Amino acid sequence: MKTFKLLTAGLAIITLLFTSCKKEEETQDETANLTLAKTSLTLKVGEYEKVAIKTGNGTYTATSSDITKATVTLVNNELTITALAEGLATVTVSDAKNRTADISVKVLDLVVPGEHITLLKGNTATRTISFGNDYKVATTDAAIATATIANNLLTIEAISKGNVLVTVKDLVSEKVQTFSVTVESQPLALSVATVALTKGEKVAVAIVSGNSSYTVSVADTAVAAATVSGTTVTVTGVGVGTTKITVKDADDKTAELSVIVNAFSLTLERNAVEVNADAAVEVAITAGNGNYTLQVADNSKATATIVGDKVRIEGKAAGTTKVTVKDSQNKTAEITVTVKPRGLSLERTALTINAGTTAEVAIFSGNGGYTVQVADNSKVTASVVNNKVRIEAKAAGTTKVTVKDSQNKTAEITVTVKGADLELAKANVEVNVGATAEVAIVKGTAPYTVSVINSSVATAQIIGGNKVRIEGKAAGTTKVTVGDDQAKQAFIMVTVKAASTDDLFDIVEGEDIEEEDYKNERVIEVKGSASAISGDIVLPARGTVLADNTLEYSSVSSVDFNNVKIIGEGALHSSRNLTKVLLRKVTKIKSMAFAECDKLKEVRCYMNVPPTVESDAFDGIAEDAVLWVPRGKKGAYEAVEAFSSSFSEIKEM
């Protein structure tokens, strides 16, 4: 519609210039022709006219062939064409199907007395005054529009919505022209009508025209959020779906923005992996919509779990399978999984074994279905029992055992078979003087030989082809060595015990001894060597004195002194196996009697009166040695320096 008003005759001719830009898109019937309400317009400078798009195929654009003469904006399928300067221009409209339609625009620079001017808020209009010299201009409401004159050019500026009268007066001729001005709100228009984004994404939309003080509201905040700053609306995707955002300005003009929040495409770091059996690999989920689930085509080959935003795949057995990842929006992605066979590894690859024995070698890793093959079955046989290779040695020599699994992986064991070890039924024998003992030869290679280190203590011989007969000769210890035809050896430690203490000791009457302390006493002396005496011994009941150095360096473990009253100097010196001593009637213990008996821990005194003791009698005994004394006699024994300084503790029995 044309809008104008004639100015009164004689007033200056005013040319109205103003601009505005609009743009809008709309979708219509895809097969429609593009038709407009008008195909030609005639406008005065500063005027504008709206032309509707009657039919078309949506997504319209509009351009002017000469924007210095006329401009065009498109809002809600309606063109607004504004005249700027005298001349001709063509406005071309096109749609989504590339159909076009034209409007011929003719712009005239006319002044009509009594003209009515319509402006959009924020725009200006100018008129050139062609007569007169000195002018005065006024408006009825400067809050709506202002008017100024400079160099015969009248400029009207639209401030706010409303109607005013503008009066121009020639101060010389006093001619007056009055015309009305209507200020309309700017149409509220956005740079786009629709935005598409994904969850978490932000998109900025410009407000291309409007009336400031903008606000926004969202129809469905579960889908999108929106904020406005200046002339920019920022849209944020919240959840998958569609909604609308309404923008409103200070003049209650509104514009709608359609919002589509799309689901993310489900993408993975990679879509194919290789993994060893019993190993694991992770694949990152690079994009998706959360709440991921997994499905494995063949769980015997691999398993899969979600760990954070990663798919963890564990190989189970050689082969291929697929893992399908699915998100909350039913988007899917696949991972092709190739599980490589396990390497076949064994506990060991070399084994030495004695003939007649069995050994097992564990299969540490492999692919099941194990079989074994022996290069020389005369040397060994082999079988698989519970993931172990059981090898039985047959004869001395070397051979190989080959292990194979279901994936044809192989591993070898080199087996060396040694002849049977020489084995005896016993390794330790005790025998009394004059008695015999027999030890069976359990394993070995006949014929056998035997030798004795100290034949004065014991003798030995082979009887029956597979027995060793040992005969005790004198109290003491020795070692018997048995050898076989394969030069293998085995040993028997022999302890020969005296049949009685009379076999170990002599009793010497005291009147024949020069030692004053021993006069009229019965002195105990060793018949042979003290070093041959071992074990627990009880001194002869007839003896009252154990002579000097009698059991020095002996192997006795305990001594019951029986009726002995005097223990001679160094009597048991350095008897390293001595652990226990029983003193029943002792009255005197001479120098170094028990010195260096470093295992002596227990000494029991049954005498109510402590014996006389040389200070060094117990030098070098065990640090934790304990002296046991009769009840109530602890104080008396503690008063004896040799006892209190040599024993860690004195206790009452």
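Read-outs: derived from the displayed coordinates by stated rules, not from any lab. Since the model is a prediction, treat every value here as computed from it, not as a measurement. Neighbour counts are summed over all protein chains in view; Cβ atoms, including those assigned to glycine, are modelled from backbone coordinates with ideal geometry.
For SER365, what residues show an amide H to amide H distance below 5 Å, using hydrogens built from the backbone and excluding near sequence neighbours?
SER345
Using the Karplus curve 6.51 cos²θ - 1.76 cosθ + 1.60 with θ = phi - 60°, work out ³J(HN,Hα) for each residue of the stretch 275-280 in order, rounded to whole Hz, and write x for Gly and Pro.
So the Karplus estimates, Gly and Pro as x, are 8, 6, 4, 6, 10, 9 Hz.
How large is the convex hull of the C-alpha atoms of the stretch 423-497 per residue, in Å³? Provide the component values of the computation, followed by the final result.
On the way: hull volume 4.6 nm³, N = 75.
Expressed per residue, the convex hull around the Cα atoms of the stretch 423-497 is 62 Å³.
Got a sec to turn the phi values of the stretch 164-170 into Karplus ³J(HN,Hα) couplings, 6.51 cos²θ - 1.76 cosθ + 1.60 with θ = phi - 60°, whole Hz, x for Gly and Pro?
9, 10, 10, 10, 10, 10, 7
Just need the relative contact order of the chain here, percent rounded to a whole number, with Cα pairs under 8 Å and 6+ apart.
Numbers: 1896 pairs, mean separation 33.9, N = 653.
In percent, rounded to a whole number, it is 5.
Hand me the trypsin sites (Lys or Arg not before Pro) from the stretch 214-311 located in a DSSP loop with no more than 13 other Cβ atoms within 10 Å, in residue order please.
On the way: sites: LYS244, LYS248, LYS253, ARG270, LYS301, LYS310; in loops: LYS253, ARG270, LYS301.
Of the trypsin sites (Lys or Arg not before Pro), the ones in loops of the stretch 214-311 whose Cβ has at most 13 other Cβ atoms within 10 Å are ARG270.
In Å, the Kirkwood hydrodynamic radius of the stretch 505-652 over pairs of distinct alpha carbons? Display every interim value, and only then the final one.
Working: mean 1/r = 0.0667 Å⁻¹.
Taking every pair of different Cα atoms in the stretch 505-652, averaging 1/r and inverting gives 15.0 Å.
Report P(r) for the stretch 345-418: all Cα-Cα distances, bin width 5 Å, range 0 to the bin holding the largest distance, values in whole percent.
4, 19, 32, 25, 13, 6, 1
Stick to the Cα atoms of the stretch 199-315, pair each with every other, and give me the Kirkwood hydrodynamic radius in Å at one decimal. If you can, show how the numbers build up before the last one.
Details: mean 1/r = 0.0574 Å⁻¹.
Evaluated on the stretch 199-315, it is 17.4 Å.
Under a Cβ-Cβ cut-off of 12 Å, what is the net charge of the residues other than ASP251 that fall near it, where Lys and Arg count +1 and Asp and Glu count -1?
Details: positive: LYS121, LYS161, LYS248, LYS253; negative: GLU184, ASP249, ASP252.
Local charge sum for ASP251: +1.
What order do you get for SER258, SER94, SER40 when you list them from fewest to most C-beta neighbours inside 10 Å?
Working: SER258 13, SER94 17, SER40 10.
Lowest count first: SER40, SER258, SER94.
Within 12 Å, Cβ to Cβ, of PRO610, how many net charges do the neighbouring residues add up to if Lys/Arg are +1 and Asp/Glu are -1?
Working: positive: LYS588, LYS633, LYS634; negative: GLU638, GLU641.
Residues close to PRO610 contribute a combined charge of +1.
At R0 = 60 Å, how high is the FRET efficiency between ASP485 and GLU623 if r is their beta carbon distance? Nearest 0.05 is fine. Before the final figure, lay out the partial values.
Details: r = 51 Å, r/R0 = 0.86.
After rounding, the FRET efficiency stands at 0.70.
Under 29 Å Cα to Cα from LYS400, which lysines show up? Leave out anything in the same chain fewer than 8 places away.
Qualifying lysines at Cα under 29 Å: LYS340, LYS379, LYS388, LYS409, LYS418, LYS443, LYS488.
Could you tell me the relative contact order of the stretch 573-648? Use alpha-carbon pairs under 8 Å, at least six residues apart, and round to a whole percent.
Working: 160 pairs, mean separation 22.8, N = 76.
With pairs under 8 Å counted, the relative contact order is 30 percent.
Whole Å is fine, so just give me how far the alpha carbon centre of the stretch 528-552 lies from that of the stretch 480-497.
30 Å
Could you list ILE621, ILE159 in order of exposure, starting from the residue whose Cβ has the fewest other Cβ atoms within 10 Å?
Working: ILE621 22, ILE159 17.
Fewest-to-most Cβ neighbours within 10 Å comes out as ILE159, ILE621.
Of THR148, SER160, ILE129, whose Cα points farthest to the positive end of the dipole of the stretch 120-266 (charges on the beta-carbon: +1 Lys, Arg; -1 Asp, Glu; origin at the Cα centre)?
Of the options given, the answer is SER160.
About the Cα centre, and with charges only on the beta carbon of Lys, Arg (+1) and Asp, Glu (-1), how big is the dipole of the stretch 345-418? Nearest 20 debye, please.
On the way: 9 positive and 6 negative charges, 18 e Å.
So the dipole magnitude of the stretch 345-418 works out to roughly 80 debye.
Can you give the alpha-carbon Rg of the stretch 136-251 over 2.2 N^0.38 Å, where N counts its residues? Working shown, then result.
Details: Rg = 21.8 Å, N = 116, 2.2 N^0.38 = 13.4 Å.
Taking N as the residue count of the stretch 136-251, the ratio is 1.63.
At q = 0.11, 0.16 Å⁻¹, what is the base-10 log of I(q)/I(0) for the stretch 252-408 according to the Debye formula with one equal point scatterer per Cα and no solvent? Please give it to two decimals.
Debye curve over Cα of the stretch 252-408, log10 I(q)/I(0) at q = 0.11, 0.16 Å⁻¹: -0.62, -0.86.
Read phi for every residue in the stretch 360-367 and hand back ³J(HN,Hα) as whole Hz from Karplus 6.51 cos²θ - 1.76 cosθ + 1.60, θ = phi - 60°, with x for Gly and Pro.
Whole-Hz 3J(HN,Hα) from phi for the stretch 360-367: 10, 10, 6, 8, 6, 8, x, 10.
Give me the dipole magnitude in Debye, nearest 20, for the chain about the Cα centre, with unit charges on the beta carbon: positive for Lys and Arg, negative for Asp and Glu.
Working: 68 positive and 77 negative charges, 579 e Å.
Result for the chain is approximately 2780 debye, rounded to the nearest 20.
Which percent, to the nearest 5, of DSSP beta bridges fully inside the chain are antiparallel?
Details: 154 of 212 bridges.
Taking every DSSP beta bridge with both residues in the chain, the antiparallel ones total about 75 percent.
Nearest-5 percent of antiparallel DSSP beta bridges in the stretch 116-184? If you can, show how the numbers build up before the last one.
Details: 24 of 28 bridges.
Around 85 percent antiparallel, to the nearest 5.
In the stretch 40-108, what % of DSSP beta bridges are antiparallel (nearest 5)?
Numbers: 23 of 28 bridges.
DSSP beta bridges in the stretch 40-108 are roughly 80 percent antiparallel.
For the charge dipole of the chain, defined by +1 on Lys and Arg C-beta atoms and -1 on Asp and Glu C-beta atoms about the Cα centroid, which residue among SER456, SER345, TRP628 has the Cα displaced farthest towards the positive pole?
SER345
Only Lys, Arg, Asp and Glu count, each charged at its Cβ (+1, +1, -1, -1), so figure out the dipole size of the stretch 226-323 about its Cα centre, rounded to 20 debye.
On the way: 9 positive and 11 negative charges, 42 e Å.
Result for the stretch 226-323 is approximately 200 debye, rounded to the nearest 20.
Given Cα pairs under 8 Å that are at least 6 residues apart, what percent is the relative contact order of the stretch 267-340?
Numbers: 186 pairs, mean separation 28.3, N = 74.
For the stretch 267-340, the relative contact order is 38 percent.
Let me check I've understood the local charge: for VAL235, count other residues with C-beta under 15 angstrom from its C-beta, Lys and Arg +1, Asp and Glu -1. What total comes out? Please report the intermediate quantities before stating the final value.
Numbers: positive: LYS199, LYS202, LYS244; negative: GLU201, ASP220, GLU256.
Result for the neighbourhood of VAL235: 0.
So, R0 is 25 Å and r is the distance between the beta-carbons of ASP141 and LEU88; what FRET efficiency does that work out to, to 0.05? Kindly include the intermediate steps, with their values, before the conclusion.
On the way: r = 37 Å, r/R0 = 1.48.
With a Förster radius of 25 Å, E is 0.10.
Can you find, among MET607, SER212, LEU422, the residue sitting farthest towards the positive end of the charge dipole of the chain, where Lys and Arg contribute +1 and Asp and Glu -1 at Cβ?
SER212
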